[in-house]
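Read-outs: derived from the displayed coordinates by stated rules, not from any lab. None of the values given here were measured: they were computed from a predicted structure. So basically every Cβ, Gly included, is an ideal-geometry build from the backbone, and we count neighbours across all protein chains shown.
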Amino acid sequence: MNERILITGANGFIGSRLTQYALDRGHRVKVVTRSAEDVRKFPWGKDVEIFQAEDIGREERWPRVLEGLSAVVHLAGKAHVAEEGDPLKARQYFEVNTLGTVRLASAAARAGISRFVFVSSVKVNGRSTPPGQAFSEEDAVHPSGAYALSKWEAERRLWRLAAATGLEVVVVRPPLVYGPGVKANMLALLKVVDKGLPLPLAGIHNKRSYVGLSNLTDLLATCVGHPAAAGQTFLAGDGSDLSTPDLIRAISKALHRPCRLLPFPPSLLRAASCARPSVGTALLDSLSVDAGKARRTLAWAPPVPFEVGMQEMADWYLETGKAS
């Protein structure tokens, strides 16, 4: 059944792909973005109804925007930065990621929208997993840092709103997402591997879960329409874990660049990363998720193999990503 969907953050990394995915499947799409001009640069810009909102949490025009829709996929928010600790930034996370989310969901409930899909973060579960263990939806949460706390508080308030109004809330917590248009740490790693720089990471034996952009958008689209998704939280993932050296080897292969991994004691690497502990965590620690619940509940499986998704990202990088 074709849905009438509102997608927030449509000019972002995930939102732009999800918008095209929804259009390709015949859904009617309305998008929300801070810059309407940015949306018009996408090939699908002429095929969607564009709504510009400078502050998604204080938008007074939601009743008109939400009229006639059946679902909302909420991707817009204040993105996680590598290092935290600024009280002002923490307040911004709360205002945008928590209060903004709940205000939009409340407006959706009043407008009679049946489903609200919220893209949260695996950081709600925690920063890392012990060796041989994986996060699941049933685990107690351990959000650490202002960003994760803002997402967790948004989830909590959404469940209260769902109980009070009947709005069908679905929460999806992805780990690191890779694919065309990627930014932040993954883009930085692409650039390092592309330059052929030696990396002292051969001695790392961690395990981390990832989810390809195509796979995440397919899961989000499934959550929009699947009856069994209502009231559920899902961890997203491709279904296999990689060590940091394995990830670098995969990137090197996709970029057709030599892989230069050197052995170095992980303890010394951790000590050297004290100035930027979040980077050290991403490179050295494990973060594994069990995404089996989505497979069991929704009969969902990732449609794009890891190697294919990695090659798509590498091709994008070689064509346009180097200039990012």
> For the chain, what does -39500 (n - 2.57) per DSSP helix run (n ≥ 4), summed and divided by total residues, give at 222 nm, in deg cm²/dmol to the nearest 500?
Replying inline: -12000 deg cm²/dmol
> For segment 86-195, which GluC sites (Glu not before Pro) are both in a DSSP coil and crowded by at most 14 other Cβ atoms within 10 Å?
Replying inline: Glu138
>> Could you tell me the relative contact order of the chain? Use alpha-carbon pairs under 8 Å, at least six residues apart, and round to a whole percent.
In response: 18 percent
>> Here is the link list: Lys46/Lys253; Lys78/Lys191; Lys41/Lys322; Lys41/Lys191. Which ones come out longer than 29 Å on Cα distance?
In response: Lys46/Lys253
>> Please list 3J(HN,Hα) in residue order for segment 216-232, calculated via the Karplus relation 6.51 cos²θ - 1.76 cosθ + 1.60 where θ = phi - 60°; whole Hz, with x for glycine and proline.
In response: 5, 5, 5, 5, 4, 5, 5, 5, 5, x, 6, x, 6, 6, 4, x, 10
> Which is farthest toward the positive dipole end of the chain among Leu235, Leu201, Pro302, measuring Cα position about the Cα centre, with Cβ charges +1 (Lys, Arg) and -1 (Asp, Glu)?
Replying inline: Leu201
> If each of Arg40 and Ser278 carries a label point 7 Å out from its Cα toward its Cβ, how far apart are those two points in nm?
Replying inline: 3.4 nm
> For segment 136-212, what is the charge dipole size about the Cα centre, in debye to the nearest 20, if Lys and Arg each add +1 at the Cβ and Asp and Glu each add -1 at the Cβ?
Replying inline: 320 debye
>> Would you report the distance distribution of C-alpha pairs in the chain as whole percents per 20 angstrom bin, up to the bin with the largest distance?
In response: 31, 59, 9
>> With +1 on the Cβ of every Lys and Arg and -1 on the Cβ of every Asp and Glu, and nothing else charged, how large is the dipole of segment 1-53 about its Cα centre, in debye rounded to the nearest 20?
In response: 20 debye
> So how far, in whole Å, is the C-alpha centre of segment 209-228 from the one of segment 91-125?
Replying inline: 18 Å
> What is the packing order of peptides 8-15, 177-184, taking the mean over residues of other C-beta atoms within 10 Å and listing the highest first?
Replying inline: 8-15, 177-184
> By per-residue mean of other Cβ atoms within 10 Å, what is the highest-first order of 160-167, 278-285?
Replying inline: 278-285, 160-167
>> Explain nothing, just the number: dipole magnitude of the chain about its Cα centre with +1 on each Lys and Arg Cβ and -1 on each Asp and Glu Cβ, in debye rounded to the nearest 20.
In response: 260 debye
> In terms of Cα to Cα distance under 14 Å, which aspartates and glutamates are near enough to Lys207, apart from those fewer than 8 places away along the same chain?
Replying inline: Asp238, Asp241, Asp246, Asp285, Asp290
> What number, in percent, do you get for the relative contact order of segment 44-198 if the mean sequence gap of Cα pairs under 8 Å and at least 6 apart is divided by its residue count?
Replying inline: 26 percent
